[in-house]
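Before any comments, here is the structure.
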Amino acid sequence: MTRTIPFIIGFLLVVAPFSTPQYPLHLLIMILIWSLVYTAWSLMGRFGLVSLGHGAFMSIGAYVTALLWNYSGISPWIGIPAAMITAAIMAFLVAYPCFQFKIVGHYFALVTLALSEVVKLVIIASRDHTGGSLGFTPNREGDGTSFYALQFADKETFYFVVLGAWVLGLVIWRLVDKSMMRYALDSISEDEDASAAAGIHVTGSKLKITMLSAVLTALGGALYCQYQMFIGPEVIGGIGISLQIVFAVVVGGLYTMMGPTIGAIITLLMTEIFRNWITSLRTEGIDLAGLDTSIYGLMLILFIIFLPKGVLGELIDRLAGGRQKDTS
Amino acid sequence: MLDLKGVNAGYGSFQALFDISLNVKAGEAVAVIGPNGAGKTTLMRVISGMTEPFSGEMEMEGKSLSSFPPHQIVELGIAHVPENRRLFPGMSVEDNLKLGAFAKTARSDSAKNLEFVYELFPRMKERRSQLAGTMSGGEQQMCAIGRAIMSGPKLLLMDEPSAGLAPVVVQQVFSLVRRIREEGYTVLIVEQNVQQVLQVVDRAYLLEAGQLIDSGKSKDLLESDSVRKAYMGL
């Protein structure tokens with residue numbers, strides 16, 4: 001029974017675009033893009049490498065792709081890999097000194113927090129090219145659908161692009177989970193010195209996973225840009241997005257493959273519901289702007305206290321616990 | 001096998017080791033004994049590459065160690081059993097052991113070495129799926145030694161294996177050390193428990209305030225008046 005569930009979901013995901021109205025399809029695409037980003041974050045987050053700088057990698061992914069396209073006419077097919085490499089270099093520049101000088105835990109989080117602000121400020125400051133805080137729009141190619149420009153006027157095609165990227169993210173998660181690197185990183189998160197004594201290259205292992213995570217996040221940012229055809233420094237970067245990434249993964253579940261995806265579904269649906277609710281209240285003259293952010297903050301605290309493994313993690317634990325009781 | 005010449009080391013502006021020269025020959029068991037704060041742990045950390053020395057030369061089988069990071073020193077055949085065992089408490093005993101064979105040079109022998117560790121310590125086989133952090137102190141020490149053996153080392157560095165253990169357990173730990181010796185491993189051990197450790201090693205160095213002040217055969221040291229007075233309260 002449980003074995004057939006992935007096939008059913010897979011089948012539904014493939015037929016979804018042909019039977020879904022535009023708005024839910026839009027939500028599905030957004031969920032898949034964000035799921036990719038959240039999965040990318042959890043690659044390193046699950047080993048105690050808490051980054052508050054993933055907004056920076058998303059921005060790099062989006063802006064490098066879009067700037068190359070608008071100013072040099074370089075196709076996103078080359079621009080996206082270039083953006084991913086840029087993100088990897090940025091991750092290396094920030095993470096290498098951190099790991100070499102044993103900046104871990106809270107201090108690492110603070111360094112990465114600074115990174116997301118620095119990248120945001122650089123984007124705003126170079127407004128002549130990036131449009132600053134007003135945002136940036138990639139040039140449309142022809143009538144809006146162009147394989148060369150990775151632009152699709154219809155949502156259905158784009159849906160399959162992001163579906164593929166999301167599956168890629170999950171495959172990478174699984175490969176890391178099955179690799180020796182996972183053992184190494186697990187032990188590093190427990191005790192760095194003991195890991196080094198056991199023959200693990202501590203700095204190297206941490207650096208690899210950080211760069212992998214940054215690269216996938218940049219891919220997510222680039223796809224967001226290609227789909228929305230609009231990016232802004234606060235829309236896909238800055239502290240707000242960096243925290244949103246952490247929040248969603250914690251809600252969904254940090255230690256399971258599908259956790260980040262569940263987190264994306266929950267947070268995106270919540271955002272949509274709040275948005276509609278606040279808008280409808282506003283028409284009645286009640287302004288509750290900012291309420292959604294406050295509720296997020298409260299929920300994050302509650303989740304960390306009561307559901308530290310996230311919704312999916314808790315669910316799996318409950319199911320496994322129930323099964324164990326049955327057999328005893 | 002291991003040769004240290006004029007090693008100075010410390011942390012920042014604080015110097016913990018002054019002009020340390022010592023050697024360990026293949027097949028030997030050597031102890032470095034000394035009180036708290038003498039620099040014993042620093043000595044172990046310097047050899048295993050976790051603390052960089054200020055100056056001096058270190059050689060393992062003729063190869064200079066100074067330029068290698070910790071994970072490559074493991075590949076040269078030096079395994080470190082750290083102070084306070086430092087297991088990965090949230091992992092099973094078997095995962096802890098397997099991690100000991102993480103070094104590239106050890107991976108191919110991983111299964112064989114695991115078999116050997118289980119043979120050496122049957123208790124570990126019984127507890128293979130238990131979380132390492134939930135075992136008793138003596139068993140954890142067994143696991144830590146097992147983890148070091150998993151890398152297929154020529155030289156075992158043991159940092160105060162008796163620290164924090166009940167007297168009865170300390171006895172067991174030293175008999176473990178004796179077992180390891182009988183298996184042909186070369187051992188360098190630092191200890192405060194002088195009387196016990198001198199019974200399992202061939203030679204010992206006396207470390208005090210970062211300097212080696214004496215050395216000799218353990219039999220002679222056991223009988224030496226100054227050692228008996230300073231370290232055994234006799």
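Note on the range A:144-188: with charges restricted to the Cβ of Lys and Arg (+1) and Asp and Glu (-1), its dipole about the Cα centre is near 140 debye. Taken over chain B, the convex hull of the Cα atoms encloses 115 Å³ per residue. Each Lys and Arg adds +1 at its Cβ and each Asp and Glu adds -1 at its Cβ; summed about the Cα centre, the range A:21-236 shows a dipole of about 120 debye.
Note on the range A:147-197 and the range A:34-50: Cα centroid distance 9 Å, given to the nearest whole angstrom. Legend: residue pairs B:K5/B:K219; B:K40/B:K104; A:K178/B:K98, Cα-Cα distance threshold 18 Å; pairs beyond threshold, B:K5/B:K219; B:K40/B:K104. The GluC sites (Glu not before Pro) found in the range B:148-225 that occupy coil by DSSP, while having at most 12 further C-beta atoms within 10 Å, are B:E183.
Pick out, from A:P138, A:Y255, A:T157, the residue whose Cα sits farthest towards the positive end of the charge dipole of chain A, with +1 on the Cβ of Lys and Arg and -1 on the Cβ of Asp and Glu. Value computed over the given set: A:Y255. Here the relative contact order of chain A, from alpha carbon pairs under 8 Å that lie six or more residues apart, stands at 29 percent.
Think of it as helices only: each DSSP H run of n ≥ 4 in the protein assembly as shown is worth -39500 (n - 2.57), and spread over all residues that comes to -19500 deg cm²/dmol at 222 nm. Among B:170-181, B:71-82, the peptide with the highest mean count of other Cβ atoms within 10 Å heads the list, and the full ranking is B:71-82, B:170-181.
When the alpha carbon gyration tensor of chain A is reduced to an equivalent ellipsoid, its three semi-axes come out at 30, 26, 21 angstrom, largest first. Long hydrophobic helices in chain A: the complete DSSP H runs spanning 18 Å or more by Cα along their own axis with mean Kyte-Doolittle hydropathy of at least 1.6 are A:5-19, A:105-125, A:238-252, A:291-306. The convex hull around the C-alpha trace of the protein assembly as shown, projected and averaged over every direction, spans 32.6 square nanometres. Just to be sure I follow: if Rg is taken over the C-alpha atoms of the range A:150-215 and Rh is the Kirkwood radius over the same atoms, what is Rg/Rh? Computed over Cα atoms, the ratio is 1.22. Between the range A:67-135 and the range B:86-101, the alpha-carbon centres lie 37 Å apart.
Charge dipole of the protein assembly as shown (Cα centre as origin; +1 on each Lys and Arg Cβ, -1 on each Asp and Glu Cβ, all else neutral): 760 debye, rounded to the nearest 20. Note on chain A: with a GNM built from Cα contacts shorter than 10 Å, the maximum mean-square fluctuation among A:L25, A:L281, A:L68 falls on A:L281. In the range A:235-328, Cα pairs under 8 Å separated by at least six residues give a relative contact order of 36 percent. Between A:T279 and A:M299, the FRET efficiency from the beta-carbon distance, with R0 = 25 Å, is close to 0.75. Comparing B:A111, B:A204, B:A132 in a Gaussian network model of chain B, where Cα atoms under 10 Å apart are tied by springs, the biggest mean-square fluctuation is seen for B:A111. The radius of gyration of the Cα set in the range A:35-147, together with its Dmax, comes out at 15.8, 52 angstrom. Specify the angular offset, from 0 to 90 degrees and rounded to the nearest 10, of the alpha carbon long axis of helix B:137-149 from the longest principal axis of the alpha carbons in chain B. On a 0 to 90 degree scale, this one is about 90. Both radii were evaluated on the Cα set of the range B:1-109; the Rg over Rh quotient, with Rh as the Kirkwood radius, amounts to 0.98. The packing ranking of peptides A:156-163, A:180-187, highest mean first, is A:180-187, A:156-163, where packing means the average number of other beta carbon atoms within 10 angstrom of each residue.
Taken together, the values in this text are just the output of simple stated rules run on the coordinates, not laboratory data. Nothing here was measured: the structure is a model prediction, and the numbers come from that model. When we count neighbours, we look across all protein chains shown, and the Cβ atoms used for this are built from the backbone with ideal geometry, even at glycine.
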